[in-house]
Amino acid sequence: MSDSTTVGDRSGVNRCGTDAGYHRHRRHGETPCLACRGAHSTATRNRRRAARVADIGRMVNVPAQILTRLYLNSTVDTQEATEEVLGTDFMAELVDEFDRRTA
Ligand SMILES: [Zn+2]
């Protein structure tokens, strides 16, 4: 039985649907399956986000209401930088909540 017909190995370390599974496919010259491509893309996104956060340096806790107010009153460049780190969906969620509270 070849690896291409096996869903992961017996140890479960390189099983399909994981980043390790994606790299197993690549090592064996295979086209990664959909589950592995999804896991790889999520892992890559998370690594990039972690790298961006590491570049920024020290983290602080800020009340969501204050962060949102600062975000809404900042330049477009600063808003985009904020979205890059915290995510567009997350910032949209904060703005919606801010709008509901201040309506
Ligand atoms: Zn796979």
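At a glance:
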quantity	calculated
Extension gain, Val53 back to Arg27 (0.36 nm per residue minus Cα-Cα distance, nm)	6.3 nm
Estimated FRET transfer efficiency when R0 is 41 angstrom, pair Thr78-Arg37 (beta carbons, to 0.05)	0.75
Mean separation of Cα contacts under 8 Å (6+ apart) over length of the chain, as relative contact order %	16
For Ala81, net neighbour charge (Lys/Arg +1, Asp/Glu -1) across residues whose Cβ lies under 12 Å away	-4
Sorted by Cβ neighbour density within 10 Å, fewest at the top, the residues Tyr22, Tyr71	Tyr71, Tyr22
Cα shape, the chain, gyration tensor, a/c 1.5 rule	prolate
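Every number in this text was worked out from the coordinates using simple rules, so none of it is lab data. Just so you know, these numbers come straight off a predicted model, no measurement behind them. Reconstructed Cβ throughout: ideal geometry from the backbone, glycine too, with neighbour counts over all protein chains shown.
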